[in-house]
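The values are calculated or read from the model by the stated rules, or taken from the named source; none is laboratory data. Treat the numbers as computed from the prediction; the structure is a model and nothing was measured. Reconstructed Cβ throughout: ideal geometry from the backbone, glycine too, with neighbour counts over all protein chains shown.
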Amino acid sequence: MPGTTRVEIRTLKVGRYCCVDDKAYKINSISKSKPGKHGSAKARLELVDIFTGQKISHVGSVTDSIHVPLIEKGTAIVTHMDGSEVHAMNQRDYSQMILPLEEGLDIEAGKEIMWMEALGLFKIIRDH
């Protein structure tokens, strides 16, 4: 899957990210069971989709590989708003960005925002 790397489940930590079914999730909790008579140790991950907020759980052997998204974060200056879209200028390379408007954030033209990108999707994570 492009935009990801593979790691073993045993190396994951709470607060980090992983991919299941081509979606990016934040890890809320990890519980591990001991190896039993007929199998290896298992890990149960409680996950929250970083774009929709949907909660799921994923169970796998601790030696299984799982995709981890390559997450990019940055800041931008809001140039204007057009309906449910926020047009902003990326402060790293001065390119124009079109981001979806997030509810509960105080976004106005001329203000600085913090954004996050994973798997080709963008999200505003903070207004300054």
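Only one residue in D82, D64, D49 is out of contact with any strand residue (DSSP E or B) (no Cβ under 6 Å at 6 or more places or on another chain) and either in the same structural domain as I27 (by TED's automatic domain parsing) or of a type in the set (A, V, I, L, M, F, W, C) (or both), so which one is that?
Checking each option against the conditions leaves just D64.
Just checking, which of S40, S29 is polar (S, T, N, Q) and either in the same structural domain as Q91 (by TED's automatic domain parsing) or modelled with pLDDT of 95 or more (or both)?
Going through S40, S29 in turn, just one is polar (S, T, N, Q) and either in the same structural domain as Q91 (by TED's automatic domain parsing) or modelled with pLDDT of 95 or more (or both): S29.
Does G110 satisfy being in a loop (DSSP other than H, G, I, E, B) and over 16 Å from G15 (Cα atoms)?
yes
Please go through (1) loosely packed, with under 15 Cβ neighbours inside 10 Å; (2) over 20 Å from the mean Cα position of the chain (by Cα); (3) hydrophobic (A, V, I, L, M, F, W, C); (4) not in a loop (DSSP other than H, G, I, E, B) for V78 and return the number of the only condition it doesn't satisfy.
(1)
Quick check on the range 53-67. Is at least one of its residues modelled with pLDDT of 95 or more and among the charged types (D, E, K, R)?
Yes, some residue in the range 53-67 is modelled with pLDDT of 95 or more and among the charged types (D, E, K, R).
Confirm whether K55 is under 26 Å from P2 (Cβ atoms), exposed (fewer than 14 other Cβ atoms within 10 Å of the Cβ) and among the basic types (K, R).
Here the answer is yes, as K55 does meet what is asked.
One line per residue, one yes/no per condition, for (1) free of Cβ contacts under 8 Å to residues at least 40 places away in the same chain; (2) over 25 Å from V68 (Cβ atoms):
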site: H87; (1), (2): yes, yes
site: Q91; (1), (2): yes, yes
site: S95; (1), (2): yes, yes
site: L99; (1), (2): yes, no
site: E102; (1), (2): yes, no
site: G120; (1), (2): no, no
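What number of residues in the range 25-43 are within 30 Å of L121 (Cα to Cα) and surrounded by fewer than 13 Cβ atoms within 10 Å (Cβ to Cβ)?
2
Out of all the residues in the range 90-112, is one or more touching a His at 6+ places or on another chain (Cβ under 9 Å), outside the structural domain of K123 (by TED's automatic domain parsing) and surrounded by fewer than 15 Cβ atoms within 10 Å (Cβ to Cβ)?
no
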